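One structure is given here, and the rest of the page talks about it.
The values are calculated or read from the model by the stated rules, or taken from the named source; none is laboratory data. Everything numeric in this text was worked out from a predicted model, so none of it was measured. As a convention, Cβ positions derive from the backbone with ideal geometry for all residues, glycine included, and neighbour counts pool all protein chains shown.
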Amino acid sequence: MPIYHLTLRSALHIGEAVSIDRETVLDWLPSDSLFAALVSAWGHLGVDVNARLEAFLSGSPPFRLTSAFPWVAGIRFLPAPAAFPDATELIGKDAKRVQWISSAVYERLRTDGSADNHPDNFLHDGKVWVTSKERARLTAHYTNDEGKMRLWQTFVVPRVTVDRATNASNLFHVGRVTFAAGDGLWFATRGPQTEWVQEALNVLQDTGLGGLRNYGHGAFTWQTVPDDLPASPTSGAGYSLARYAPHDEKEIQALLQHPHAAYRLTTVGGWCTDDEGHGWRRRMVRLVAEGALLPDVTQARGKLVEVQPQDLPHFTTRKVYRYGVPFFLPAGRLEVSQ
């Protein structure tokens, strides 16, 4: 199955609400948002979207996908696991600051539990962990004028709106993320219908991903490379590369309430439109965030969650879904043992 490299041609705006009238900008594209973009592109192509969604609802999903994570200088980054083995010894008291680990760091942690934990290997104020070899490779091209290494940049850009009736102006600020030329995001898919993903990418590369697409944000080119990730585990503990919605109470008890589970939760809302094109608030849903370490992947089925507004005539037949199908890599030595 392929891995997709998305080379960004412009800035990226992936906003996520954190409170009323306040949002943060993400430096990755969560799997539920990526899936929503694919579904939108299928609709643009005129395919039978309902039939494709039904395939996800009725049995084994046609494909599984990861979130789209940073990809810099050929190095793929993964979400920091929800728990590190012997974190105090490996990376000290600042373990919770790490948000991204390189694929090479993941390999070392999962296979033998070792860590290349030189202090200089923690970039972006301790949020990005690379190996010494990777750091040497990155230093020449990503060191800024202050002597700090920045693999991608987050900016806050001022914007102004003008009231049509009063001509009064309103200043607001929007965050965006930029990558160096040739860098961007990556994600993986596994399953029999991955050509559905490629159909959508041919549309999305021009229309863009995320918000502020009218300003040209989110445009990209894409290519596939062979899947060199470890095989999906068929037993034992898994390390999640996608947001996950447990299928039922039994799954919650078996996985999330297990003493060896480690995970974070994220609450996701947003907007949807009815058949007339009117905007409505989607129902909020709580998902298990990327980086979760769960003890028995054979019991993790996941699901698409219905999030359309309740008790509205505009949605009596129209369904709106949030993607929550898991995608696991083997946890190996990352498995929580206490």
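Quick look at the numbers
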item: Long-range neighbours under 6 Å by Cβ, at least six apart or interchain, first residue in the same structural domain as residue 320 (by TED's automatic domain parsing) and of a type in the set (Val, Ile, Thr) within the stretch 259-283, second part of a loop (DSSP other than H, G, I, E, B) and at pLDDT 90 or above; result: 266/289
item: Within the stretch 292-317, tally of residues that are within 18 Å of the chain's Cα centre (by Cα) and under 20 Å from residue 52 (Cα atoms); result: 4
item: One residue from 228, 296 being loosely packed, with under 11 Cβ neighbours inside 10 Å and touching a residue at least 12 places away in the same chain (Cβ under 8 Å); result: 228
item: Flag for residue 155 being modelled with pLDDT of 70 or more and within 18 Å of the chain's Cα centre (by Cα); result: no
item: Some residue of the stretch 211-219 being touching a strand residue (DSSP E or B) at 6+ places or on another chain (Cβ under 7 Å) and either modelled with pLDDT of 95 or more or in a strand (DSSP E or B) (or both); result: no
item: When residues of the stretch 77-89 are limited to those that are in contact with a helix residue (DSSP H, G or I) (Cβ under 8 Å, 6 or more places away or on another chain) and under 15 Å from residue 119 (Cα atoms), the one modelled with the highest pLDDT; result: 87
item: Answer residue from the stretch 5-32, given it is farther than 21 Å from residue 75 by Cβ, of a type outside the set (A, V, I, L, M, F, W, C) and surrounded by fewer than 21 Cβ atoms within 10 Å (Cβ to Cβ) and is modelled with the lowest pLDDT among those; result: 21
item: Index of the failed condition, residue 224 passing every other in (1) farther than 30 Å from residue 176 by Cα; (2) in a strand (DSSP E or B); result: (1)
item: Filter pass, residue 200 being of a type in the set (A, V, I, L, M, F, W, C) and modelled with pLDDT under 85; result: no
item: Among residues of the stretch 97-133, those that are farther than 25 Å from residue 328 by Cβ and without any contact (Cβ under 8 Å) to a residue 12 or more places away in the chain, counted; result: 1
